[in-house]
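Remarks on the structure that follows.
Please treat every number below as a calculation from the coordinates, not as lab data. Owing to the predicted nature of the structure, the values given are computational and were not obtained by experimental measurement. Glycine also receives a Cβ, built like all others from the backbone with ideal geometry; neighbour counts cover every protein chain displayed.
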Amino acid sequence: MKKTLAAIALAGSIALIGAAPSMAATYPAPPANAAVSDGTVGPGEQFVFRGNGFLAGEGLSITVTPGNPPAANGSSVSNGSRTVPTKITLPLAPQTFSTTADANGTFAFPLTISETGTYTLTATGLTSGKTATSVVTVEGAGLANTGGAPLANTGAGLANTGADASLVLWSLVGAGALAAGATSVVVVRRRAKAEAAA
């Protein structure tokens, strides 16, 4: 009976250890996706563009593409056949930044935009070719542009400060099963030697 229990414990620990790599290979990689920490911000207000689903340590290209500016307030000038607003907003050119995905394939990239309007943010994996997009709207009174770029990178991405909780849990379960199997094998061998000597 004791030999049977030891064999079951050993088989269980081998099954848990052997199943982990096969489970990881069974599921396809998740698609890349992204979001912003706040969908509507004021001019010059910092927000974070974050996403996941990229390769671990992959270089990423972040592109900020201006969309339609909000409707201009103010008067217009008319010559009878055409009406032209007195304030004409010229579209801004897209800007590109670089960052790197962490070991989990995620990134967090802080940005500020000083011009009002709607912007499409796109992260593109330089190795995988995966893309993820999100949209942010900048509303409110604009800041004066003193000749600098309208977008500013305010730092590197957020640091990854620990392992995934499920990874730690399954590691502990596997280690416990392995220890139980090893202990039962040692006990069975000692008893078998004691019985043979008697």
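Miscellaneous remarks
- Net charge of Cβ neighbours under 11 Å - reference residue 136; Lys, Arg +1; Asp, Glu -1: -3
- Estimated FRET transfer efficiency (residue 103, residue 45; beta-carbon r; R0 35 Å; 0.05): 0.70
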